[in-house]
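Following: one structure in structure tokens, then a few remarks.
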Amino acid sequence: EKGGYDYFMLKEIAEQPKAVADTLLGRIGASGELTLDEVRIPQSVLREADKVVIVACGTAFHAGLIAKYAIEHWTRIPCEVELASEFRYRDPILDPRTLVIAISQSGETMDTLMALRHAREQGAKVLAICNTNGSTIPRESDAVLYTHAGPEVAVASTKAFLTQLVACYLLALYLGQVRGTKWADEIRAVVRDLAQISGQVERVLETMEPVRELARSLADKNTVLFLGRHVGYPVALEGALKLKELAYMHAEGFAAGELKHGPIALIDKDLPVVVVVPSPRGRSVLHDKIVSNIQEIRARGARTIVIAEEGDEAVVPYADHLVRIPATPTLLQPMVAAVPLQVFACELATARGNEVDQPRNLAKSVTVE
Ligand code: M6R
């Protein structure tokens, strides 16, 4: 049932192009409008919502952090993202005009379930983004937008993450459509870009051998740092989480702009530092700033592993290892940038002799608080 792969995780990484395409399927109407009929929350509620709050754990939380950029950009509704386990313990401000989005692959995560129950008790509407049909979180929500990743067996989440991003982008655009902040032609343009992602992920997967080789060469390291900016910051957090759970290595993700406020003191000779570089097109200010960060890190003798768009030549002189990803619009870059980090963590786990699909101390769904 592993389809010829050594591990479910490898199979699930390879299934990502299909998972992404399946999650888009049937959700775009003939004239380019979004048809999210499952979002059975009255349009008046969606129109009047004055705040979006996303609750989730682990990888799903990272998808939520990325969704915030898309939601605020495309709808102009303020959006907060909170770890589900922290949410109800701080007396959050919720009312019927708050739209809560609970993201969960399994639909059984107790922390997320308790957060959504708390939100509903306060009168907020809850929409679940979930990969498991009929599970508890969608059953207890006002509506559900399913991700179509298919069953995810490996404890480390991969294809579910990419489909959570697709669902979040669709939902953000749908909110924009309902509220009139996004018009059909703009939605069509983003949907066209989204439709390209499946093929782009496929291309990334075809070029992963050097990443695997690099991972094997780092098997005796103790720490790896991950840096990113904008939507690349949650990608850095996700890269670090994958490494912790699979390779049992110390790993941390930082927003690159924070480096000078403390973390730069960690930079040492030979320390591997993975940097997710924003596109040089679009937000070029951020690109240039991160290139300076890479220079600073390199000047201190660390080993730079740079994930950058094809055609980005500015990073070449400072990259000890360069991983190329296809050019995408800024907001969609996480879908291609996360893939090499999954492969990296999986290969490091194998090189260190760890159990890839069933890492120690972890369960696929965490049904205790
Ligand atoms: O099933 P859920 O999406 O609610 O699970 C949330 C987290 O437990 C999960 O993403 C966890 O962090 C993964 N093992 C990460 O790979």
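So here's what we get for this one:
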| read-out | value |
| --- | --- |
| Enumeration of residues in segment 59-79 that are in contact with a strand residue (DSSP E or B) (Cβ under 7 Å, 6 or more places away or on another chain), open to solvent by 30 Å² or more (accessible area, probe 1.4 Å) and more than 10 Å from the ligand (Cβ to nearest atom) | 65, 68, 72, 78 |
| Qualifying residues in segment 351-369 (those that are without any contact (Cβ under 8 Å) to a residue 12 or more places away in the chain and more than 12 Å from the ligand (Cβ to nearest atom)) - the one most open to solvent (accessible area, probe 1.4 Å) | 355 |
| Any hit, segment 289-299, residues being at pLDDT 95 or above, within 16 Å of the ligand (Cβ to nearest atom) and open to solvent by less than 60 Å² (accessible area, probe 1.4 Å) | no |
| Segment 30-50: number of residues that are more than 17 Å from residue 180 (Cα to Cα), free of Cβ contacts under 8 Å to residues at least 12 places away in the same chain and either touching a strand residue (DSSP E or B) at 6+ places or on another chain (Cβ under 6 Å) or open to solvent by less than 70 Å² (accessible area, probe 1.4 Å) (or both) | 0 |
| Qualifying position, being touching an Asp or Glu at 6+ places or on another chain (Cβ under 7 Å), open to solvent by less than 20 Å² (accessible area, probe 1.4 Å) and not in a loop (DSSP other than H, G, I, E, B), among 236, 251, 215 | 215 |
| Leading residue by the ranking (surrounded by the fewest Cβ atoms within 10 Å (Cβ to Cβ)) among those in segment 127-144 that are hydrophobic (A, V, I, L, M, F, W, C) and within 14 Å of the ligand (Cβ to nearest atom) | 144 |
| Residues within segment 100-121 that are of a type in the set (A, V, I, L, M), within 11 Å of the ligand (Cβ to nearest atom), more than 21 Å from residue 71 (Cβ to Cβ) and touching a helix residue (DSSP H, G or I) at 6+ places or on another chain (Cβ under 8 Å), tallied | 1 |
| Leading residue by the ranking (most open to solvent (accessible area, probe 1.4 Å)) among those in segment 146-174 that are more than 14 Å from the ligand (Cβ to nearest atom) and under 20 Å from residue 37 (Cβ atoms) | 148 |
| Unmet requirement for residue 304, which otherwise passes all of (1) over 23 Å from residue 350 (Cα atoms); (2) touching an Asp or Glu at 6+ places or on another chain (Cβ under 6 Å); (3) crowded, with 21+ Cβ neighbours inside 10 Å | (1) |
| Near pairs, Cβ below 7 angstrom, 6+ apart or cross-chain, from segment 146-168 (within 17 Å of residue 128 (Cα to Cα)) to any residue that is of a type in the set (Ser, Thr, Tyr) and open to solvent by 10 Å² or more (accessible area, probe 1.4 Å) | 161/59 |
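The values are calculated or read from the model by the stated rules, or taken from the named source; none is laboratory data. Just so you know, these numbers come straight off a predicted model, no measurement behind them. A quick note on method: Cβ atoms are made from the backbone with ideal geometry, for glycine too, and the neighbour counts reach across all protein chains shown. In case anyone asks, the SASA skips ligands and DNA or RNA and just uses the protein heavy atoms, side chains included. Shrake-Rupley method; radii C 1.70, N 1.55, O 1.52, S 1.80 Å.
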